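Structure record follows, encoded as structure tokens.
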Amino acid sequence: MEVLLALLMALVAAGIPAGPGGERDEGVPIVLDRSDPLPGLPRIVGAADPRRPLVVLDPGHGGRDPGATSPFGGRREKDVTLAIATEIRDALAASGRVRVAMTREDDRYLVLKDRYEIARKMRAELFISIHADAAPANDGARGATIYTLSEVASDREAALLAEQQNRSDRIGGAELSGEAIVDRILIDLAQRESMNVSADFAALLKREASAYFPFRPDYHRFASLVVLKAPDVPSILFETGYLTNPVDTAYIDSPEGRRQIALGMKSAIETHFARRLVRVAAR
Ligand SMILES: [Zn+2]
């Protein structure tokens, strides 16, 4: 690690431009190519102070990709995730401690890479992709699960999820190649840091949100999900509950359930950034 850091500092000293978003308030400056901005980045709500951390919420699926469909009422995942993300956004905005944006605010299709590229281009400090689970062969499965990135899918179910999520990009027919990499080492460093922060946030979310909604016993899983692959933005995929379970469906698709999810998520997000502020101040 020391060797990589020394190399990184040497590269920075050699004058590689930091570019927009290259400097962070804490830690090592991260140099990444953020050229070719997407037109029309989403609006930001919440804290007016641009120094406040930005959270990007990503309602899973959308448009011609409905995601899972509940056998209990026929609700589609893309609609459930949009309603939940909107509730979380509104709770964060009302509190005013962070800034918040959504990758989509209506029923539209986005390829997976564009979802995290929005977070990168906006210099988000946390990316949360919202989903609802499905286990058609096991309607007893219920509870929330948090996924963070792993190079190797940790088990068969995670691998299956990775396959399903990644297939979404092929539906769009968008090219996934062409990731703009200035330097592989810098990407690896940023990725490692992001994975650590993501795992910390997963544990914090479980701790803060358990009072509000149930988690699966094995609540934190690792998978190679495309949507989590922003190298420089800590990212989680949050499966709120099972659309194939009647109790979960009634909960996550109700105003009260959404409110509870938003309260738990808000508590975790605000605690996460308060902790990081304390850590920076202690340096
Ligand atoms: Zn999904």
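For the stretch 42-48, just list the computed ³J(HN,Hα) in residue order, Karplus coefficients 6.51, -1.76 and 1.60, θ = phi - 60°, integers in Hz, with x standing in for Gly and Pro.
x, 6, 10, 10, x, 3, 7
Could you state the number of Å between the C-alpha centres of the stretch 104-130 and the stretch 241-283?
About 18 Å separates the Cα centre of the stretch 241-283 from the one of the stretch 104-130.
Could you give me the ³J(HN,Hα) list for the stretch 203-218, computed from phi with Karplus coefficients 6.51, -1.76, 1.60 and θ = phi - 60°, whole Hz, x at Gly and Pro?
The phi angles translate into 5, 5, 4, 4, 5, 6, 9, 4, 6, 9, 8, x, 10, 5, x, 9 Hz.
Search the structure for amide H atoms under 5 Å from the amide H of Ser235, placed 1.01 Å from N in the peptide plane, and list their residues when 5 or more places away or on another chain.
Phe127, Ser198
Suppose a student asked you for the relative contact order of the stretch 79-134, using Cα pairs under 8 Å spaced at least 6 residues apart; what percent would you report? Walk me through the intermediate numbers first.
Numbers: 24 pairs, mean separation 22.3, N = 56.
Once divided by the residue count of the stretch 79-134, the mean separation gives 40 percent.
Per 0.36 nm of contour for each residue apart, how much would the distance between Arg51 and Val247 grow if the chain were fully extended, relative to their Cα-Cα spacing? Present the calculation step by step, with values, prior to reporting the outcome.
Details: separation 196, 0.36 × 196 = 70.56 nm, distance 4.07 nm.
Here the answer is 66.5 nm.
Across the stretch 228-238, in residue order, what do the Karplus-derived ³J(HN,Hα) couplings come to in whole Hz, using 6.51 cos²θ - 1.76 cosθ + 1.60 with θ = phi - 60° and x for Gly and Pro?
Karplus-based 3J(HN,Hα) across the stretch 228-238 equals 9, 8, 4, x, 10, 10, x, 9, 10, 10, 10 Hz.
Going by a ≥ b ≥ c, the root eigenvalues of the Cα gyration tensor, does the stretch 227-276 fall in the rounded group (a/c under 1.5), the prolate group (a/b larger than b/c) or the oblate group? It would help to have the intermediate numbers written out before the result.
Values: a/c = 4.16, a/b = 1.56, b/c = 2.66.
Oblate is the answer for the stretch 227-276, as a/c is 1.5 or above yet b/c matches or exceeds a/b.
May I ask you to compute the full-extension gain from Asn196 to Phe72, defined as 0.36 nm times their residue separation minus their alpha-carbon distance, rounded to one decimal in nm? Numbers along the way, then the final one.
On the way: separation 124, 0.36 × 124 = 44.64 nm, distance 3.74 nm.
Full extension of this stretch gives 40.9 nm more.
How many nm is it between the label spots at Ala203 and Arg275, if each spot is 7 Å from the Cα in line with the beta carbon?
Between Ala203 and Arg275, the label points sit 0.7 nm apart.
With the Cα gyration tensor of the stretch 84-157 giving a ≥ b ≥ c as the square roots of its eigenvalues, does the rule (a/c under 1.5 for rounded; else a/b larger than b/c for prolate; else oblate) give rounded, prolate or oblate? If you can, show how the numbers build up before the last one.
Numbers: a/c = 1.91, a/b = 1.48, b/c = 1.28.
Because a/c hits 1.5 or more and a/b exceeds b/c, the stretch 84-157 counts as prolate.
Considering amide H positions built from the backbone, and no H for Pro or chain starts, which residues 5 or more places from Phe215, or on another chain, come under 5 Å of its amide H?
Ala144
Just so you know, all these numbers are worked out from the coordinates, no wet-lab data involved. Please read all numbers here as calculations on a predicted model, not as lab measurements. We place every Cβ from the backbone using ideal geometry, glycine too, and count neighbours over all the protein chains shown.
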